[in-house]
Amino acid sequence: MKTDSFDSIFQALAHPARRRMLDIVKDTPGCNVNDVAAAFEMTRIGVMKHLAKLEEAGLIHSEKSGRDRRLYFNIVPIQLIYDRWTMEYSGWWAGRMVDIKYAIEAGTNPQEPDA
Amino acid sequence: MPETETFVSKIFIAGSIDAVWREITKTDEPQGAMFNNRMHTDGLALGGQIRMRTPDGKYTGVIGEILEFDPPHRFAHTFRFTHLEDAECVVSYDLKEVDGGVEFTLTSKGVAVGSKTAKQMKSGGGFICKTLKAIVEKGRLPLHVWTIYHVLKALSFMAPAATKSENWPLKGNGDAQPA
């Protein structure tokens, strides 16, 4: 992460495999490359290239731990994108509309919390 | 399943490393990036105690002990919210000069899984990074953050009794900083 350009963030998120890798790192903070690679039918080198793209965009932070490299999700770039195009109130209304979409798709009433 | 977890927030700041370092270590005025708390300390050095207090000094939200102090690159300290019973964790700030600015990394380690501290650290990291970036790059707080701080100030009388600063004194003259 050397600049705060959004280009690298959008490029990193444009690939479905990288989005899936980001999900894995987000759900298992501190995982390593092997943990991520286990979920893909591609070479370890291929996985490392994708992870490098995510790290370059600042979406992943890697930290050396002995002979290992631990991976962590960094939410800040996504928050900056959100802040760039969303104001407080539009964010609230958009959030409600997304809630309704999820509720309808799940076949539940948006007024009632999940059982 | 691990008993503790780690949170990392990282951001690029277009400013000097000294400016970023000052914002996270200054004691002569409230730190806008740190929820407008003012850092009180008996010494910014290994083993020094820190207390993050409201600008009027009446309430203390966070206490800690300095583990590393390497200006202007790394600052690490233990961290505990005074209103929670959760075990302390370790917070570190890493500053790295890169082309055009500074890469700032905030790491919280040893945070008890599922604790209230974990919930606050998870959301607080991004807030601190974004606010710090705004202060260093634009020289002021974002309007919505400024508003939040004023609301918090108005509601400070509702702060839990456990956070009263008299419960968290500093040894020596650490509390004798100018008001």
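The values are calculated or read from the model by the stated rules, or taken from the named source; none is laboratory data. Just so it is clear, the model here is predicted, and its values are computed rather than measured. When we count neighbours, we look across all protein chains shown, and the Cβ atoms used for this are built from the backbone with ideal geometry, even at glycine.
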Residue match in segment A:18-28 (condition: touching a residue at least 24 places away in the same chain (Cβ under 8 Å) and farther than 22 Å from B:PHE12 by Cβ): no
Count of residues meeting criterion [among the polar types (S, T, N, Q) and over 12 Å from the mean Cα position of the chain (by Cα)] in segment B:62-111: 2
Scope segment B:84-114; condition under 19 Å from B:PHE127 (Cα atoms) and assigned to a loop (DSSP other than H, G, I, E, B); matching residues: none
So B:ARG80, is it basic (Lys, Arg), away from every other protein chain (no Cβ under 14 Å) and not in a strand (DSSP E or B): no
Per-region count, segment B:121-140, residues modelled with pLDDT under 90 and not polar (S, T, N, Q): 1
Whichever residue in segment B:1-44 is surrounded by fewer than 16 Cβ atoms within 10 Å (Cβ to Cβ), over 20 Å from B:ARG80 (Cβ atoms) and in contact with a strand residue (DSSP E or B) (Cβ under 8 Å, 6 or more places away or on another chain) and, among such residues, is farthest from the other protein chains (Cβ to nearest Cβ): B:GLU29
Extreme residue, nearest to A:ALA12 (Cα to Cα), among residues of segment A:63-88 that are in a strand (DSSP E or B) and touching a helix residue (DSSP H, G or I) at 6+ places or on another chain (Cβ under 6 Å): A:PHE73
Output for segment B:39-61, where each listed residue is out of contact with any Lys or Arg (no Cβ under 8 Å at 6 or more places or on another chain), among the charged types (D, E, K, R) and assigned to a loop (DSSP other than H, G, I, E, B): B:ASP56
Sole exception among (1) surrounded by 15 or more Cβ atoms within 10 Å (Cβ to Cβ); (2) in a strand (DSSP E or B) for A:VAL47, by number: (2)
Candidates B:ALA159, B:ALA154, B:ALA134 - the one that is more than 26 Å from B:PHE12 (Cβ to Cβ) and under 19 Å from the mean Cα position of the chain (by Cα): B:ALA159
Matching residues, segment B:115-154, being away from chain A (no Cβ under 13 Å) and assigned to a loop (DSSP other than H, G, I, E, B): B:SER115, B:GLY139, B:ARG140, B:LEU141
Selection count, segment A:1-53, where residues are within 11 Å of the chain's Cα centre (by Cα) and within 12 Å of chain B (Cβ to nearest Cβ): 4
Some residue of segment B:62-74 being touching a residue at least 60 places away in the same chain (Cβ under 8 Å) and either farther than 22 Å from B:ALA118 by Cβ or not in a loop (DSSP other than H, G, I, E, B) (or both): yes
